[in-house]
Amino acid sequence: MKKKTVYVCSNCGYDTVKWMGQCPNCGEWNTLSEFSVSENKRNNFGDEKSIRKNKPMAIADIDVNAEIRIKSGIEEFDRVLGGGIVKGSLTLISGEPGIGKSTLLLQACQKLADENSVLYISGEESPAQIKIRAERTGVTSDNIKILAETNLEDIVFTAKEENPSFIIIDSVQTIYDPKLPSAPGSVTQVRECTMALMQLAKQNEISVFLVGHVNKDGNIAGPKIMEHMVDTVLYFEGEKHISYRLLRAAKNRFGSTNEIGLFEMTAEGLKDVSNPSAALLSGRPENVSGSCVAATLEGTRPMLSEIQGLVTKTVYGSGRRTAAGVDYNRAVLLLAILEKRVGMMLSSYDAYINVVGGLRLDEPAIDMAVAVSIASSYLDKPVSADVVLFGEIGLSGEVRAVSGAVQRIQEIKRLGYKKCILPEGCRADVRNIEGIELVFVKDISQAIKAAI
Ligand code: TYD
Ligand code: MG
């Protein structure tokens with residue numbers, strides 16, 4: 001076997017034989033670092049002597065055992081996974097350090113351990129630390145074994161010896177394959193370790209969870225490079241100082257993506273939030289300008305959340321804008337539309353937009369609520385307390401139809417709101433709905449008039 005040198009980008013995993021200052025794939029600077037890899041020469045393609053293990057099969061002849069799902073007992077977690085954990089699947093849970101990944105998985109162990117054995121492998125915390133956390137969150141089962149180990153060979157060996165139903169690896173950035181020269185957390189290590197764990201999961205029918213930290217620091221391989229290898233990718237997000245946490249499926253080979261689960265971090269660990277709309281709207285101020293309620297659809301789940309806008313006369317030349325929980329560029333665009341199409345002179349105002357609860361809403365259907373909250377603050381007139389809005393806004397100020405109007409309205413009704421402002425384009429979808437006043441609007445000026 002010959003040794004070959006390659007340069008691998010620590011940001012995106014791109015590899016090249018030549019060193020470059022800038023990665024041609026992702027455009028990051030100084031992220032290429034050197035690795036030596038063994039070149040396994042295989043020039044016996046098509047040779048009779050090459051050994052074949054797998055033969056092609058007619059699709060009709062393939063045996064499928066109905067996929068077996070095991071519930072973790074944490075409702076929000078199961079929902080995001082598409083109804084439970086699939087046997088032999090590999091799931092990546094990524095998120096910023098300290099967001100609650102270890103806590104979530106430890107809590108999931110409790111119910112899983114009722115009927116299955118669980119092996120929790122930690123490269124970050126000592127068994128004593130894990131025990132303290134387990135006690136605090138009420139995880140007491142005897143079927144949970146803890147192992148503090150970072151060597152991949154030992155991990156795979158122990159896993160085969162113990163043969164548990166579930167393995168949790170916390171975190172993938174701390175484990176290393178001793179055969180590779182690079183440090184734990186580097187692109188090569190993360191990639192190879194994930195591969196090995198994938199094989200472990202598939203061959204032994206063990207469901208494996210990997211924790212992966214997302215870090216802005218280029219030296220740590222982001223979980224991005226693992227996404228194509230694993231079956232399911234979950235993102236755990238939220239603001240550290242706000243207690244709500246959002247679990248989102250970014251990829252799921254066994255269910256729909258964009259499902260979300262909402263949790264609250266308490267002193268006793270994470271708690272399911274089964275009625276997110278009510279939780280997110282609690283404490284909403286009444287009769288104050290700059291606040292309104294948007295109906296969003298996350299996956300298949302409708303959710304109401306409060307959007308706040310604040311505009312103040314700028315002290316500098318041009319107004320500054322900040323957006324928390326909504327896309328910054330989208331927010332700037334909506335401000336420009338309000339200026340051009342409605343005539344609000346917002347360029348000489350500072351504007352702040354915030355989604356209450358620390359959630360991030362990327363759906364264009366919140367456009368109307370964002371625009372109306374800004375308009376309400378600009379006019380200093382409150383939005384009627386029993387109104388909810390949804391609809392996308394186009395560049396000419398027109399309000400465009402969005403999907404899922406019926407689900408959104410049902411949620412609005414469930415929470416007791418009396419009036420919904422929605423796009424004219426949704427009229428046909430919602431003709432059978434009763435018990436709520438529906439106001440159809442064609443453009444942003446009509447929406448502002450109806451809401452304020
Ligand atoms: P952790 O699960 O360690 O995060 P991660 O594994 O994603 O790095 O969560 C750490 C945070 O959660 C920490 O800031 C403390 C907080 N926390 C609570 O508020 N209550 C609890 O019961 C637990 C276990 C943690
Ligand atoms: Mg952790």
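Summary table below
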| quantity | calculated |
| --- | --- |
| Counted charge near VAL315, where neighbours are those whose Cβ lies closer than 15 Å (Asp, Glu -1; Lys, Arg +1) | +2 |
| FRET efficiency for ILE62 and ALA336, using Cβ-Cβ distance with R0 set to 35 Å, rounded to 0.05 | 0.05 |
| Mean Cβ neighbour count within 10 Å, used as a protection proxy, ranking 253-264, 174-185, 427-438, 13-24 highest first | 253-264, 174-185, 13-24, 427-438 |
| Pairwise FRET efficiency - GLU75 versus THR257, Cβ, R0 = 25 Å, nearest 0.05 | 0.85 |
| Ranked packing of 233-241, 197-205, most packed first, by mean Cβ within 10 Å | 233-241, 197-205 |
| The stretch 338-370-the stretch 312-329 distance, computed between alpha-carbon centres (Å) | 10 Å |
| Computed over the stretch 241-339: relative contact order in percent, which uses C-alpha pairs under 8 Å that are six or more apart | 17 percent |
| Additional length obtainable on full extension of the chain from LYS449 to SER396, 0.36 nm per residue less Cα span | 17.4 nm |
| Violating pairs (Cα-Cα greater than 20 angstrom) within the set LYS202/LYS271; LYS71/LYS271; LYS4/LYS179; LYS145/LYS179 | LYS202/LYS271; LYS145/LYS179 |
| Point-to-point label distance, ASP380-VAL17, nm (Cα→Cβ direction, 7 Å offset) | 7.1 nm |
| Net +/- balance of residues flanking THR174 in space, Cβ distance below 11 Å, scoring K and R +1, D and E -1 | -4 |
| Virtual spin-label span in nm between THR266 and ASP327, 7 Å along Cα→Cβ | 3.6 nm |
| Value of [θ]222 nm, deg cm²/dmol, for the chain, DSSP H segments ≥ 4, -39500 (n - 2.57) each, nearest 500 | -7000 deg cm²/dmol |
| In nm, spacing of pseudo-spin labels at GLU239 and ARG427 (7 Å Cα→C-beta vector) | 4.0 nm |
| Protection proxy ranking of 84-91, 150-157 - average other beta-carbon atoms within 10 Å, highest first | 84-91, 150-157 |
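Read-outs throughout are calculated quantities, based only on the coordinates presented, and are distinct from any laboratory measurement. Please read these numbers as outputs of a predicted model, since none were measured by experiment. In this analysis, Cβ positions are derived from the backbone assuming ideal geometry, glycine residues included, and neighbour counts consider all displayed protein chains.
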